[in-house]
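Have a look at the structure below, then the notes.
Derivation of every value follows stated rules applied to the coordinates shown; laboratory data play no part. Predicted model, so just to flag it, every value in this text is computed and none were measured. All Cβ positions, even for glycine, are placed from backbone atoms using ideal geometry, and neighbour counts span all protein chains on display.
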Amino acid sequence: MIAEPNGEPVILIVEDNARNLKLVRDVLNHVGYRTLEAASAEDGLALAREERPGLVLMDIQLPGMDGVEALAQLRSDPATAGVRVLALTAFAMKDDRERFLAAGFDGYLEKPLDVRRLPEQVAAALAADSREEGVA
Ligand code: MN
């Protein structure tokens, strides 16, 4: 089931792999979300401050600053502290899930991403009213 975008939230995708970035962007655009894209944590942080996205999809392994450090910076800036952030990670271990949630991510999406589930995972993250649980 394709979830309807709610209030046209903007979704920021931070992903250094061009193919993954295009995949996520195309799926989200197809179901009606507006997206912003960054290929590095530094560019993603700048966009997040300027554009106030409703959700950030944050790759963990990035050139330079990684996704965990980028999340810490988002959380430490009052302008972006409350944004929902899902980790994009190739790691599938249970310990990693716990580590990402402990770091303050609102959930995580494992790569390779399931493009059929991505819209509902994003909708669930946007609809969540608590950061207690991961959404994926
Ligand atoms: Mn990466």
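As a calculated quantity, the FRET efficiency between Lys22 and Asp95 at R0 = 30 Å, using C-beta atoms, amounts to about 0.50. Note on the range 11-128: Cα convex hull, mean projected area over all directions, 6.5 nm².
Taking R0 as 30 Å, what FRET efficiency do you get between Ala72 and Glu51 from their Cβ-Cβ distance, rounded to the nearest 0.05? Once rounded, the FRET efficiency stands at 0.95.
Relative contact order, whole percent, for the range 1-128 stands at 25, derived from Cα pairs under 8 Å and 6 or more residues apart. Summing charges over all other residues whose Cβ lies under 15 Å from the Cβ of Pro78, with Lys and Arg as +1 and Asp and Glu as -1, gives +1. Judged by the mean number of other Cβ atoms found within 10 Å, the most tightly packed of the peptides 53-60, 34-41, 10-17 leads the ranking 53-60, 10-17, 34-41.
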